[in-house]
Amino acid sequence: MEKTAAPLIVVDGDLGSLVALACASDESVSLGSGRGSGPSAVAWQPPIFGTTERERTGAIERQTSLFNARRMPKSAKDDPLRLHQDETESGTVMTQVLFGALSNAQEFGISRVIWPAHPGRLGDDTSIDLDLASAIIDRALLVEQLAKLDADSAQERICIETPHADLTDRQLVEIATDLAVPVKTLWWWGSSQDEAVRQRERWEPLMQETGLWKSSDRRTVASR
């Protein structure tokens with residue numbers, strides 16, 4: 001199988017995965033990156049988002065198009081994850097998601113998986129949940145090591161990267177601002193679902209402070 005230097009990114013249409021896609025795009029065109037003319041990343045959307053899946057799918061389609069990434073096609077082997085829809089906060093489910101990401105990466109000849117989870121605290125944008133940060137890092141490392149243990153000796157090692165595992169909400173927004181990510185592509189932009197409203201309440205103040213979310217954009221959302 002032909003290998004690709006592009007990473008597989010676990011995407012959900014939210015800010016963390018949008019930033020990861022933007023970073024992968026910058027990396028793919030940077031001088032000396034050694035990347036070819038192919039996609040900047042391969043985006044895999046695990047089917048665990050229940051009532052918000054449609055909005056997230058639309059967001060991911062927009063984001064991958066903007067950042068020259070390729071969406072991984074739906075696969076029957078991902079179907080077991082659908083039994084855990086709306087359980088995105090469950091550690092057990094996230095472990096299964098990471099194993100799914102590794103399986104897809106192996107199938108497509110990808111040696112890097114990027115899991116853009118971050119441990120920001122709701123209501124406190126300057127600190128992180130230390131237990132969650134530790135869980136993100138430990139889970140990625142343990143899944144990677146277990147997959148390596150069970151792999152055929154001829155299989156290339158696949159690493160799991162957690163680039164946002166030590167970021168506060170404010171730090172993530174500051175990176176997003178530096179990258180000028182298109183916030184209108186976020187899954188919750190313009191949605192009236194309860195979860196979307198909660199996400200706007202979480203991120204809007206920070207985005208306004210940094211200039212990422214302009215007041216005109218906010219009015220656009222409010223009028224929908």
| query | Looking at region 123-144, which of its residues are open to solvent by less than 80 Å² (accessible area, probe 1.4 Å) and part of a helix (DSSP H, G or I)? | reply | Leu132, Ala133, Ser134, Ala135, Ile136, Asp138, Arg139, Ala140, Val143, Glu144
| request: Scan (1) at negative phi; (2) touching a residue at least 60 places away in the same chain (Cβ under 8 Å) for the single condition Ser103 breaks and write down its number. | output: (2)
| Among all residue pairs at least 6 apart or on different chains, which show Cβ distances below 6 Å where the first residue, located in region 155-173, is at pLDDT below 95 and the second is open to solvent by 30 Å² or more (accessible area, probe 1.4 Å)? | Glu156/Ser111; Arg157/Lys148; Ile158/Ser111
| remark: Log entry, pairs with first residue in region 108-120 being surrounded by fewer than 24 Cβ atoms within 10 Å (Cβ to Cβ) and part of a loop (DSSP other than H, G, I, E, B), second being of a type in the set (Asp, Glu) and modelled with pLDDT under 95, beta carbons closer than 6 Å, six or more apart or on different chains, reads Gly109/Glu2; Ser111/Glu156; Pro119/Asp129
| field | Residues satisfying the stated conditions in region 165-186, i.e. part of a loop (DSSP other than H, G, I, E, B), closer than 11 Å to His118 by Cβ and open to solvent by less than 10 Å² (accessible area, probe 1.4 Å) | value | Ala165
| message | Pairs needed: first member in region 180-206, over 13 Å from Thr51 (Cβ atoms); second member anywhere, open to solvent by less than 60 Å² (accessible area, probe 1.4 Å) and of a type outside the set (A, V, I, L, M, F, W, C); C-beta distance under 6 Å; at least 6 residues apart or different chains. | response | Thr185/Gln63; Leu206/Asp125
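The values are calculated or read from the model by the stated rules, or taken from the named source; none is laboratory data. For clarity, every value in this text was computed on a predicted model and none was experimentally measured. All Cβ positions, glycine included, derive from the backbone under ideal geometry; neighbour counts span all protein chains shown. The accessibility values were calculated without ligands, DNA or RNA, using every heavy atom of the protein model including side chains. Shrake-Rupley method; radii C 1.70, N 1.55, O 1.52, S 1.80 Å.
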